[in-house]
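A.B. asks: So that we are looking at the same thing, I have put the structure below in structure tokens.
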Amino acid sequence: MIDLRSDTVTKPTKMMRQAAFDAIVGDDVYNEDPTILELEELSASMLGKEAAMFVPSGTQGNQVAVLTHCVSGQEVILEANSHIYFYEGGTISAFAGVQPRTIKGIRGEMSPDEVEAAIRVDDIHQPETGLICLENTHNRAGGAIVPLANMKEIYQRVQNRNIPIHLDGARLFNAAVATGISVKKYARYTDTVQFCLSKGLGAPVGSIIAGTQEFIMKARKWRKRLGGGLRQAGIIAAPGLVALKTMVDRLAEDHEKANKLATGLSAIRGLSIENKVDTNIVLVNTEQSGLNANQFIEILKREEILAVAFGPNTVRFTTHYDVTEHEISNVIEKIAKNLL
Ligand SMILES: *Cc1c(COP(=O)(O)O)cnc(C)c1O
């Protein structure tokens, strides 16, 4: 099987497995796991934040951020197709008791004017705006890079209003590698940031959430409440360290593979590419082929290729380090043959 459903399907590298085996561990609920501490320190310094905390998943990282920043009854401004709004089971409402206020973006980018206009005024009838969430790269926009200038503009406009900004940077390293802008630079325009070790970076488990020392102290309590306090977690942090030290630059290869796939598929009659392929995600529209997304995926399966239906006529392919250039060529060939 050539599995292009997500960049989460990768298996840990040999080095990661060895690092897990060799990890020096302690009880992280007591803050005594040296490997976790090393991962948190490295992450904080890469992001230019005071402190960082390991969480088992990106979803938990985002939820801890919302819970820590907000109180119930507040409102969170976020993009209408953002992961937090679309893919986290309504948790911000269920757990944090906040109400989402969505803004439709273009390629994941919210208009600063619309964000500013959505901020609530001091009025007994209205909820308070408790948080603004950004996402970079933007998953449902097809791995789109949200420009640094957009993040900066939104950040600067809310500076005097005392409203924090959280960045869902599950794939922030993809944005950094594709643009040459460091994750630290991106993180400058957001108060807190979550990134995934378990996506393109290839670690088996885990995400990082970073912010001020004070924020992380409060966040530790929310993580514990959510059941995310782990014991000898160095076993899973060690592969995360390997991911940060060895897997960042090679994300460029994933982007090349996505480009190659997009170019190849766009030449096949009946298929078109919906997104500008900035990073490692390709959204293929199947409508002109007479097949809907589910029918297309069934054909792919017979050819031992896995992808996901993303809309009625949209199929998402995600490249990662466990798929070779040669396999990408095979995928293009097999699809071409089937659609002739
Ligand atoms: C995958 C993803 C997450 C959540 O990560 P999990 O580890 O799967 O919970 C959050 N935000 C974005 C944009 C993602 O793509």
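The values are calculated or read from the model by the stated rules, or taken from the named source; none is laboratory data. Note that the structure is predicted; figures quoted are calculated from it, not measured. Neighbour counts run over all protein chains shown; Cβ positions are idealised from the backbone, glycine included. Remember, those area values only see protein heavy atoms, side chains included, never the ligands or the DNA or RNA. Shrake-Rupley method; radii C 1.70, N 1.55, O 1.52, S 1.80 Å.
A.B. asks: Filter the range 194-203 down to the residues that are within 11 Å of the ligand (Cβ to nearest atom) and within 25 Å of residue 257 (Cα to Cα) and list them by number.
C.D. replies: Scanning the range 194-203 gives 195, 196, 197, 198, 199, 200, 203.
A.B. asks: Taking the conditions exactly as written (open to solvent by 60 Å² or more (accessible area, probe 1.4 Å) and either β-branched (Val, Ile, Thr) or modelled with pLDDT of 95 or more (or both)), does residue 280 satisfy them or not?
C.D. replies: no
A.B. asks: Here are some residues: 61, 73. Which one is of a type outside the set (Phe, Trp, Tyr), closer than 23 Å to residue 158 by Cβ and in a helix (DSSP H, G or I)?
C.D. replies: On the way: 73 fails: in a helix (DSSP H, G or I).
Step by step, each of 61, 73 is checked, and only 61 is of a type outside the set (Phe, Trp, Tyr), closer than 23 Å to residue 158 by Cβ and in a helix (DSSP H, G or I).
A.B. asks: For residue 189, only one of the following conditions fails: (1) open to solvent by 30 Å² or more (accessible area, probe 1.4 Å); (2) of a type in the set (Phe, Trp, Tyr); (3) free of Cβ contacts under 8 Å to residues at least 60 places away in the same chain. What is its number?
C.D. replies: All conditions are met except number (1).
A.B. asks: Before we move on, is residue 47 among the hydrophobic types (A, V, I, L, M, F, W, C), away from the ligand (no atom under 14 Å from the Cβ) and over 14 Å from the mean Cα position of the chain (by Cα)? Show your work before the answer.
C.D. replies: Numbers: among the hydrophobic types (A, V, I, L, M, F, W, C): yes; away from the ligand (no atom under 14 Å from the Cβ): yes; over 14 Å from the mean Cα position of the chain (by Cα): yes.
In short, yes.
A.B. asks: Determine whether the range 108-116 contains at least one residue that is of a type in the set (S, T, N, Q), open to solvent by 20 Å² or more (accessible area, probe 1.4 Å) and either modelled with pLDDT under 95 or within 16 Å of the ligand (Cβ to nearest atom) (or both). Talk me through it step by step, then tell me what you get.
C.D. replies: Here is the first cut: in the range 108-116, the ones of a type in the set (S, T, N, Q) are 111.
Cutting the leftovers down to open to solvent by 20 Å² or more (accessible area, probe 1.4 Å) gives us 111.
Among the residues that remain, those that are also either modelled with pLDDT under 95 or within 16 Å of the ligand (Cβ to nearest atom) (or both) are: none.
There is no residue in the range 108-116 that is of a type in the set (S, T, N, Q), open to solvent by 20 Å² or more (accessible area, probe 1.4 Å) and either modelled with pLDDT under 95 or within 16 Å of the ligand (Cβ to nearest atom) (or both).
A.B. asks: Is at least one residue of the range 256-263 part of a strand (DSSP E or B) and touching a strand residue (DSSP E or B) at 6+ places or on another chain (Cβ under 7 Å)?
C.D. replies: Among the residues of the range 256-263, not one is part of a strand (DSSP E or B) and touching a strand residue (DSSP E or B) at 6+ places or on another chain (Cβ under 7 Å), which makes the answer no.
A.B. asks: Okay, next question. So which residues in the range 133-151 are in contact with a Lys or Arg (Cβ under 8 Å, 6 or more places away or on another chain) and away from the ligand (no atom under 15 Å from the Cβ)?
C.D. replies: 148
A.B. asks: Sticking with this structure for a sec: Kindly indicate whether residue 44 is part of a helix (DSSP H, G or I), closer than 11 Å to residue 209 by Cα and open to solvent by less than 10 Å² (accessible area, probe 1.4 Å).
C.D. replies: Yes.
A.B. asks: More than 14 Å from the ligand (Cβ to nearest atom) and farther than 15 Å from residue 44 by Cα, is that true of residue 218?
C.D. replies: When the stated conditions are applied, residue 218 passes them.
A.B. asks: Considering each residue of the range 130-162, count those that are of a type in the set (Asp, Glu) and crowded, with 24+ Cβ neighbours inside 10 Å, and give that number.
C.D. replies: Looking only at the range 130-162, we keep the residues that are of a type in the set (Asp, Glu), and these are 135, 153.
Filter again for crowded, with 24+ Cβ neighbours inside 10 Å, leaving 135.
Looking only at that region, the number is 1.
A.B. asks: Shifting gears a bit: For the range 75-95, name all the residues that are closer than 19 Å to residue 194 by Cβ, open to solvent by less than 50 Å² (accessible area, probe 1.4 Å) and away from the ligand (no atom under 16 Å from the Cβ).
C.D. replies: 77
A.B. asks: Given the options 15, 53, name the one that is open to solvent by less than 60 Å² (accessible area, probe 1.4 Å) and either part of a helix (DSSP H, G or I) or touching a strand residue (DSSP E or B) at 6+ places or on another chain (Cβ under 8 Å) (or both). Outline the logic, then answer.
C.D. replies: Values: 15 fails: open to solvent by less than 60 Å² (accessible area, probe 1.4 Å).
After ruling out the rest, the residue left standing is 53.
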